[in-house]
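So the structure is just underneath, and the comments pick up after that.
The values are calculated or read from the model by the stated rules, or taken from the named source; none is laboratory data. Because the structure is predicted, anything quoted here is derived from the model rather than measured. Positions of Cβ are generated from backbone atoms using ideal geometry, with glycine treated the same way; all protein chains shown enter the neighbour counts. Calculation scope for accessible area: heavy atoms of the full protein, side chains included, ligands and nucleic acids excluded. Shrake-Rupley method; radii C 1.70, N 1.55, O 1.52, S 1.80 Å.
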Amino acid sequence: MIDSFSKDLDRLIEAFCQGEESAFDKIASIIHRDVLNIACLNSLSQEDAKDVLQVVLLKIYKKLKGFKKQAKFSSWVYRITVNASIDLIRKKKRKAKIAEKYKEAGSLEANRNSPDFDGKNRLVREKLKELSPKQKNIFILKHFQKLSFKEISKVIGCSQSTAKTHFFRAVDKLKKKVKSGG
């Protein structure tokens with residue numbers, strides 16, 4: 001998790017802002033795994049998750065010098081990641097609609113396969129696809145990234161009570177789907 005490196009990240013961010021370009025490589029190596037996990041948990045393939053990682057790293061590189069320390073760095077990274085994942089999903093849906101409309105032999109068909117990292121939580125990961133985007137992202141940030149509801153509310157852009165409501169609804173839906181086997 002990104003937060004376990006907060007002291008190192010503070011130092012690296014400061015070094016990068018002072019012109020030490022090599023500090024960004026170290027920042028990227030710290031955050032890349034969390035970014036990939038969030039993207040994959042949003043039902044993106046491993047290749048799509050790598051695309052999201054590139055978008056996130058580029059955005060952070062461009063905007064890091066203007067980063068205001070009002071929010072935690074990890075919350076900022078998670079928000080960029082969630083938004084980039086949602087953008088890619090929307091883009092893939094638009095491409096799929098165009099492909100369907102023009103019947104282009106499936107060349108633009110969206111990839112709906114999600115990788116199974118380490119075989120853990122496979123059924124939960126599969127059922128995540130059936131949640132609304134907001135419920136899915138809140139569940140991912142709470143369950144897999146271990147963020148507090150306060151942090152999640154900042155990342156998602158909603159109140160803490162709304163984040164809690166979406167999380168508990170997601171948990172309830174997942175429990176029902178896992179119990180019913182479908």
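Could you pull out the chymotrypsin sites (Phe, Trp or Tyr not before Pro) across segment 46-76 that fall in loop regions by DSSP (anything but H, G, I, E, B) with no more than 15 other Cβ atoms inside 10 Å?
Within segment 46-76, the qualifying chymotrypsin sites (Phe, Trp or Tyr not before Pro) (loop, at most 15 other Cβ atoms within 10 Å) are 67.
On the protein heavy atoms, probe 1.4 angstrom, tell me the percent of accessible surface of the chain carried by carbon and sulfur. Walk me through the intermediate numbers first.
Details: 5420 of 10770 Å².
C and S fraction of accessible area: 50 percent.
Using Cα pairs closer than 8 Å and at least 6 residues apart in sequence, work out the relative contact order for the chain, in percent.
20
From the list (i) 51, 40, 31; (ii) 38, 36, 33; (iii) 88, 49, 33, can you say which value of Cα extents along the principal axes in Å was derived from the structure given?
Comparing each candidate, only (i) matches the computed number.
One-quarter of the Cα convex hull surface for segment 127-182, in nm²?
Mean orientational projected area (segment 127-182, Cα hull): 3.4 nm².
Enter the accessible area per residue of segment 122-182 (Å², integer; probe 1.4 Å; all protein chains in place).
Dividing the accessible area of segment 122-182 by its residue count gives 54 Å².
Place a +1 charge on the Cβ of each Lys and Arg in the chain and a -1 charge on the Cβ of each Asp and Glu, then give the dipole magnitude about the Cα centre in debye, rounded to the nearest 20.
Magnitude of the dipole: close to 1020 debye.
Taking trypsin sites (Lys or Arg not before Pro) as candidate sites, keep only those in a DSSP loop with at most 15 other Cβ atoms within 10 Å, then name the longest stretch of the chain containing none of them.
Values: sites that count: 68, 69, 103, 112, 120, 129, 146.
That would be 1-67.
Which one, 178, 58, 39, projects farthest toward the positive side of the charge dipole computed for the chain from Cβ point charges (K/R +1, D/E -1)?
Going by the Cα projections, it comes out as 178.
For the chain, what is the calculated [θ] at 222 nm in deg cm²/dmol (nearest 500), taking -39500 (n - 2.57) for each run of four or more DSSP H residues and dividing by its residue count?
-22000 deg cm²/dmol
For segment 1-102, report the accessible area per residue in Å² (1.4 Å probe, heavy atoms, rounded to an integer). All intermediate terms of the calculation are to be shown ahead of the outcome.
Working: 5900 Å² over 102 residues.
So segment 1-102 comes to 58 Å² accessible per residue, rounded to a whole number.
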